[in-house]
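The values are calculated or read from the model by the stated rules, or taken from the named source; none is laboratory data. It should be emphasised that the depicted structure is a prediction, and the values quoted were computed from it without experimental measurement. Positions of Cβ are generated from backbone atoms using ideal geometry, with glycine treated the same way; all protein chains shown enter the neighbour counts.
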Amino acid sequence: MRAYIRHPIDVPINFEADETPAPIKALKDVSHGGLCFVTDRCLPNGTRIKLEIPHLKHPFKEECVVVWCREKNGQYEIGVKFTDKASAFRARMIEQVCYIESYKRKREEETGRSMAWKTAAEEWIKNYGAHFPEIKMEDDGT
């Protein structure tokens, strides 16, 4: 089983550093109390940023710290860690919500009918919940 999961790209996620909001091009993975994303901007190690997934019923906003930044094909891959275990757990739950939202949108496109969020969640959990890998955090929260 994979040690990380990939975020559905049709659910927008943003970050803010130095009071400047910026879109994330792609969220690559979530693992061990942190995540990796791709953006146009390089951020130095130690930079505190706020992550946001704005289009949820209860928008997700959490603080993270940049632990590495790598240039790749004119973009930057940035690795961040959450500041505490509770933030990492909330991010994990939001990740699942994003998958359910993506599943709901896809099913609505396929059928041409709207779908209740609860129905989408029940279907997604039944079909994919067992394959959603568990992430265990280290004792230091990273």
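Details
- If you go through the stretch 93-133 and keep only what is in contact with a Phe, Trp or Tyr (Cβ under 9 Å, 6 or more places away or on another chain), under 22 Å from Gly33 (Cβ atoms) and not hydrophobic (A, V, I, L, M, F, W, C), you end up with Glu95, Gln96, Tyr99, Pro133.
- Selection of the stretch 106-142 for residues being surrounded by 10 or more Cβ atoms within 10 Å (Cβ to Cβ), assigned to a helix (DSSP H, G or I) and modelled with pLDDT under 85 yields Trp117, Tyr128, Gly129.
- Residue satisfying all of: in the stretch 73-102; of a type outside the set (S, T, N, Q) and without any contact (Cβ under 8 Å) to a residue 40 or more places away in the chain; nearest to Phe60 (Cα to Cα) among these: Arg90
- The one condition in (1) closer than 15 Å to Ala22 by Cα; (2) surrounded by fewer than 15 Cβ atoms within 10 Å (Cβ to Cβ) that Asp84 fails to fulfil: (1)
- Condition broken by Gln96, with the remaining ones in (1) in contact with a Gly (Cβ under 9 Å, 6 or more places away or on another chain); (2) in a strand (DSSP E or B) satisfied: (2)
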